[in-house]
Amino acid sequence: MTVTLGQPLPPDRAVLTALVDEIIASGRWSNDGPIVQRFEQRLAADLGWADVAATSSGTSALTVALLALDLPRGGEVITSALTFAATVQAIELAGLVPRFAAVDPETLCLDPDAVRKAITAHTVAILPVHLFGLAADVQLDDIGEDAGLPVVYDAAHAYGFAPVVGRGTASAYSLHATKLLHTAEGGCVGTDDPVVAARLRRARAFGLDADRVREQGTNAKMSEHAAALGLAVLTGIPDEIRARQRVRDAYASALAVSTRYRPHAPGRSRALVMEVVRCAPADQQDLLDDLAAAQVVGRLFPALCAPGQRYADVPLVGAEAGALVALAGSAVALPLHGRVPDAALDAISAVLRG
């Protein structure tokens, strides 16, 4: 059996069945129904935000977070080229233009000095990524405040991670099937600003306020069934956290004696959503091949500024594109979930030990 990068946490079937029966009885399947509202209240309480708005995906969460700010179309948003494509696609979907800044070689998150240099008269927002579950530098909040720019965080890899809460104007999470908490497909946006919260809810529903279109929007609503799945999955999260920590600890033990591979950002706390190891770029393919031979899927995160990528011509401040390509070549994502069998965990550990 091949062990994939992410395996969805199964829901509590009794809870899910009861919620689905409730949906069918109510006849309310979408449009901010009671199950979605219940899910949002639970998310806000669990995550620590004053308000959480559920969305149809992590990409739509980031898109509506930007739409809710009513930024001038064509304005530039500073972000990272070391991220999944959805980060930059959300910027474009919101009618904005990406501008890349360099990253810290250790954390792979945005470099505050590069962000400062990247700010121009055309900059309308900063969009850092808590990449691989590592909190982006807190200086970015101060930079945004000093420059009068909103800071919207991509927290797709950081669900449940306390250090990212309360930062910036809003934070967008992914609730995709491979994440710690999932709704199969889904996302959410957390904010402590009640004005932004109200705008988020309008932005995810076509910009409507009653029967009037008041602002930019799209259809990014979460369905009642997706919210029901999320509530049913939530019951298993404590056990899943323990299982993921066990997997992470096994990787750490193997890396402690490895001469070829090393942990990502050692000594720093990270969310239990992604697990990444670092290597010399020349060793990246060997690591992937060795994992594949053990029937384990590893994953790359190529730099979006690399030749051949759609975003190769996006301006990059603070580094040469080749430097970011090399940093991307130093990272490989490993399976991190409670469905990793002991035999596979032993095989991955053997690969990491070299």
Looking for something surrounded by fewer than 19 Cβ atoms within 10 Å (Cβ to Cβ), free of Cβ contacts under 8 Å to residues at least 24 places away in the same chain and assigned to a loop (DSSP other than H, G, I, E, B) - is there at least one such residue anywhere in the stretch 156-169? no
Do you know which residues across the stretch 82-102 are within 16 Å of Pro150 (Cβ to Cβ), in contact with a Pro (Cβ under 8 Å, 6 or more places away or on another chain) and not aliphatic (A, V, I, L, M)? Arg99
Just to be sure before I move on: is Val36 more than 18 Å from Gly187 (Cβ to Cβ), in contact with a helix residue (DSSP H, G or I) (Cβ under 6 Å, 6 or more places away or on another chain) and open to solvent by less than 60 Å² (accessible area, probe 1.4 Å) in the structure I sent? no
Expected output for the stretch 39-51 (first residue over 14 Å from Ala162 (Cα atoms), partner hydroxyl-bearing (Ser, Thr, Tyr) and crowded, with 21+ Cβ neighbours inside 10 Å, Cβ below 6 Å, 6+ apart or cross-chain) is Asp51/Thr191
Within the set of pairs 6+ apart or on separate chains, which have a first residue in the stretch 230-243 that is outside any helix (DSSP H, G or I), a second that is surrounded by 15 or more Cβ atoms within 10 Å (Cβ to Cβ) and among the hydrophobic types (A, V, I, L, M, F, W, C), and C-beta atoms under 8 Å apart? Thr235/Val15; Gly236/Leu9
Are there any pairs, at least 6 apart or on different chains, whose C-beta atoms fall under 6 Å, with the first in the stretch 184-211 and of a type in the set (A, V, I, L, M) and the second in a strand (DSSP E or B) and open to solvent by 10 Å² or more (accessible area, probe 1.4 Å), and if so, which? Ala197/Asp51
Among the residues of the stretch 211-229, count how many are in a loop (DSSP other than H, G, I, E, B) and either in contact with a helix residue (DSSP H, G or I) (Cβ under 9 Å, 6 or more places away or on another chain) or crowded, with 22+ Cβ neighbours inside 10 Å (or both). 9
Considering residues of the stretch 279-312 that are open to solvent by less than 10 Å² (accessible area, probe 1.4 Å) and part of a strand (DSSP E or B) only, the residue farthest from Ala343 (Cα to Cα): Cys279
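Pick from the stretch 117-128 the residues that are among the hydrophobic types (A, V, I, L, M, F, W, C) and open to solvent by 10 Å² or more (accessible area, probe 1.4 Å): which of them is farthest from Ile91 (Cα to Cα)?
Ala121
The values are calculated or read from the model by the stated rules, or taken from the named source; none is laboratory data. Note that the structure is predicted; figures quoted are calculated from it, not measured. Counting neighbours? That spans all protein chains shown, and the Cβs are built from the backbone with ideal geometry, glycine included. All accessible areas refer to the heavy atoms of the entire protein, side chains included, with ligands and DNA or RNA removed. Shrake-Rupley method; radii C 1.70, N 1.55, O 1.52, S 1.80 Å.
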